[in-house]
1. If you place +1 on the Cβ of every Lys and Arg, -1 on the Cβ of every Asp and Glu, and leave all else neutral, what size is the dipole of segment 1-65 about its Cα centre, to the nearest 20 Debye?
2. Counting only other residues whose beta carbon sits under 13 Å from that of ILE22, what net charge do I get with K and R as +1, D and E as -1?
3. Consider all pairwise Cα distances in segment 6-133 and report the whole-number % of them above 21 Å.
4. Based on alpha-carbon centroids, what's the gap between segment 51-127 and segment 1-43 in Å, whole number please?
5. With point charges of +1 on the Cβ of Lys and Arg and -1 on the Cβ of Asp and Glu, referenced to the Cα centre of segment 6-133, which listed residue (ALA74, HIS33, MET50) lies farthest in the positive direction of the dipole?
6. Could you check which residue among SER46, SER99, SER32 shows the biggest mean-square fluctuation in a GNM of the chain with a 10 Å Cα cutoff?
7. Viscosity 0.692 mPa s, temperature 37 °C: Stokes-Einstein D of segment 30-94 from its Kirkwood Cα radius, in µm² per second?
8. Give, as ranges by residue number, the residues of segment 119-134 whose backbone N falls under 18 Å from the point 7 Å along Cα→Cβ of ALA81.
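The values are calculated or read from the model by the stated rules, or taken from the named source; none is laboratory data. Everything quoted here is computed from the prediction, not taken from an experiment. Ideal geometry is used to build each Cβ from the backbone, glycine not excepted, and the neighbour counts take in all protein chains shown. In case anyone asks, the SASA skips ligands and DNA or RNA and just uses the protein heavy atoms, side chains included. Shrake-Rupley method; radii C 1.70, N 1.55, O 1.52, S 1.80 Å.
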Amino acid sequence: MSDNFDDLQTSYGRCLRHGPFIARFYEIFMASHPDVPALFANTDFSKQHMALRRGISAAIAHAGGSTLARRTMAEMAKAHARDGRAPVPPLLYPYWVESLLKAIAEYDPEHSPALAERWRTAMNRTVGFFAGQY
Ligand code: HEM
């Protein structure tokens with residue numbers, strides 16, 4: 001029986017209902033590595049928050065084997081490729097994953113080490129997919 005990570009969609013829902021989760025993620029991520037802030041120098045964060053909000057949900061579905069998210073994932077991977085609209089050096093992906101996990105630990109009232117490990121597994125599939133397309 002394949003693992004569709006539905007528990008992560010539920011956890012994600014709790015985070016979003018708990019307060020400004022995406023804003024908190026970016027606060028943590030910006031402070032996680034000196035190269036990150038410059039990448040967002042010209043970013044309209046009201047748009048970016050919405051884009052990432054959808055992107056994380058698609059990433060969970062993709063990690064769970066859903067084909068529905070395939071197109072969204074391909075578009076995001078293309079945007080972050082070497083010649084994409086927002087190139088992301090793959091060495092930065094672990095900082096993205098750990099920053100997301102820190103924000104989840106703060107915003108999911110039902111957070112646990114076991115749940116954190118499942119988030120890490122799913123998001124490592126996402127960033128592995130992006131890095132593979134770099
Ligand atoms: C090290 C990790 C990452 C960095 C540094 C990064 C950086 C960026 C930057 C600079 C942009 C462009 C913002 C602008 O319009 O000015 C962007 C767009 C975006 N990012 Fe990331 N990103 C990372 C990982 C991810 C991941 C893992 C996801 C999804 C789960 C994601 C989803 C998106 C989406 C949906 C957009 C909008 C794409 C578009 O408008 O074409 N990013 N990102």
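1. 260 debye
2. +3
3. Tail of P(r) above 21 Å: 36 percent of Cα pairs.
4. What the calculation gives is 8 Å, centre to centre.
5. Farthest along the dipole direction, towards plus: ALA74.
6. The residue with the greatest mean-square fluctuation here is SER46.
7. The Stokes-Einstein estimate is 253 µm²/s.
8. The answer is 126-134, whose backbone nitrogens lie closer than 18 Å to the label point.
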